Amino acid sequence: MQLVEVHKEIHAQQTNILKAFYVDLLLPLESNLEKDTKVVAGEHKRFLQQHKSHHDSYQKALSMCKKQKKRTRSSLFTIGKDVKQLHAMEDEKKKLDGFCDQSLKQAITQERRRYGFVLERQCSLAKHYLAYHTKFLVNYEGKKNLSPKHI
């Protein structure tokens, strides 16, 4: 009779762990995945638009610098304009690089947040497993000490 009771307890605890897996991991993961997919798609679109804008302004400054170089071949008095165009091009390049750096940092932060969420859920599930094994270890030790010793 004890064997049946122990088996029922084990089955009930395994059912609880399976429910915890579904409630603690799968449901939140699915809902976050749907939400994050929409957020990432929007962020990607925004990034592409802003990157195109920064890249276009850089390309414009670069072409102006090239045009100024062609013009200065014929005239020695336009060195100041050359320097001005070169600085404008460098500023646009710095803006583009800064935008890319900032975007990468944001992407890494979001990725870290997502991995942290999964890790938190896995820890919650591991606590359920730990409780399961601890309960049955204590139960086993208790029954082991109560069993009669044969001589």
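Scanning region 98-113 for residues that are within 17 Å of the chain's Cα centre (by Cα) and surrounded by 15 or more Cβ atoms within 10 Å (Cβ to Cβ) yields a single hit, 103. Examine region 3-10 for a residue that is under 30 Å from residue 139 (Cα atoms), in contact (Cβ under 8 Å) with a residue 60 or more places away in the chain and touching a Leu at 6+ places or on another chain (Cβ under 9 Å), and state whether such a residue exists. No: region 3-10 contains no residue that is under 30 Å from residue 139 (Cα atoms), in contact (Cβ under 8 Å) with a residue 60 or more places away in the chain and touching a Leu at 6+ places or on another chain (Cβ under 9 Å). Scanning region 3-49 for residues that are in contact with a helix residue (DSSP H, G or I) (Cβ under 8 Å, 6 or more places away or on another chain) and of a type in the set (S, T, N, Q) yields 13, 14, 16, 32.
Each row is one residue, and each column tells you yes or no for (1) under 30 Å from residue 113 (Cβ atoms); (2) touching a residue at least 40 places away in the same chain (Cβ under 8 Å); (3) not β-branched (Val, Ile, Thr).
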| site | (1), (2), (3) |
| --- | --- |
| 33 | yes, no, yes |
| 36 | yes, yes, yes |
| 47 | yes, yes, yes |
| 53 | yes, no, yes |
| 63 | no, no, yes |
| 70 | no, no, yes |
| 83 | no, no, no |
| 90 | no, no, yes |
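Is one or more of the residues making up region 12-19 under 21 Å from residue 116 (Cα atoms), in contact (Cβ under 8 Å) with a residue 40 or more places away in the chain and more than 21 Å from the chain's Cα centre (by Cα)? Looking through region 12-19, none of the residues is under 21 Å from residue 116 (Cα atoms), in contact (Cβ under 8 Å) with a residue 40 or more places away in the chain and more than 21 Å from the chain's Cα centre (by Cα). Evaluated against (1) farther than 30 Å from residue 36 by Cα; (2) exposed (fewer than 15 other Cβ atoms within 10 Å of the Cβ), residue 62 falls short on exactly one condition, (2).
Of the residues examined, residue 95 is not one that is within 27 Å of the chain's Cα centre (by Cα), in a helix (DSSP H, G or I) and surrounded by fewer than 12 Cβ atoms within 10 Å (Cβ to Cβ). Just one residue in the set 57, 124 is under 23 Å from residue 21 (Cα atoms), assigned to a helix (DSSP H, G or I) and touching an Asp or Glu at 6+ places or on another chain (Cβ under 6 Å); that residue is 124.
For region 30-49, a residue qualifies if it is under 15 Å from residue 99 (Cα atoms) and either surrounded by 12 or more Cβ atoms within 10 Å (Cβ to Cβ) or within 15 Å of the chain's Cα centre (by Cα) (or both), and the qualifying residues are 43, 44, 47. Let me spell it out: the conditions are (1) exposed (fewer than 13 other Cβ atoms within 10 Å of the Cβ); (2) at pLDDT 90 or above; (3) hydrophobic (A, V, I, L, M, F, W, C), and residue 77 meets all of them except one. Which number is the exception? Result: residue 77 passes all but (2).
The values are calculated or read from the model by the stated rules, or taken from the named source; none is laboratory data. Everything quoted here is computed from the prediction, not taken from an experiment. Every residue, glycine as well, gets a Cβ built from its backbone with ideal geometry; the counts of neighbours run over all protein chains shown.
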